[in-house]
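The values are calculated or read from the model by the stated rules, or taken from the named source; none is laboratory data. Predicted, not measured: the structure shown is a model, and the values here were computed from it. Reconstructed Cβ throughout: ideal geometry from the backbone, glycine too, with neighbour counts over all protein chains shown.
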């Protein structure tokens with residue numbers, strides 16, 4: 001039991017060291033390449049990568065983020081890509097984001113609705129109004145109402 005506790009502590013320390021090293025070395029180019037590998041391989045390395053990536057991704061990564069928002073079954077990756085599309089305010093991929101509105105997973109729909117609000121796409125108001133009253137998830141309905149308020153400000 002003590003040996004297992006020691007090994008667990010050692011694994012945690014190694015992981016923290018790796019994440020801190022990546023945080024220091026990460027650039028936009030490296031973040032883009034690692035994100036591309038995750039999308040192509042349909043896997044994530046660690047949730048910590050998302051925090052690191054978010055500080056280094058920019059408009060040049062929008063096509064990659066758009067691809068990631070649609071691809072694969074890893075919800076964390078799809079949600080991160082949708083979040084970043086909204087965060088970067090990239091209206092050029094609004095149709096890609098709207099495709100996620102019909103996803104069976106409520107977290108994907110939630111991130112898509114929030115991304116539309118962050119982009120402030122006025123043409124999406126009728127869609128958001130329908131979602132605000134009709135989505136099965138209370139969280140998605142609430143996010144749609146928030147997005148409507150943001151767009152109408």
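Among (1) within 13 Å of the chain's Cα centre (by Cα); (2) under 16 Å from residue 31 (Cβ atoms), where does residue 56 come up short?
(1)
What number goes with the only condition from (1) surrounded by fewer than 16 Cβ atoms within 10 Å (Cβ to Cβ); (2) at pLDDT below 95; (3) in a helix (DSSP H, G or I); (4) touching a helix residue (DSSP H, G or I) at 6+ places or on another chain (Cβ under 8 Å) that residue 89 does not pass?
Single failed check for residue 89: (3).
Which of (1) buried (at least 21 other Cβ atoms within 10 Å of the Cβ); (2) at pLDDT below 90 is the odd one out, the single condition residue 109 does not satisfy?
Condition (2) is where residue 109 drops out.
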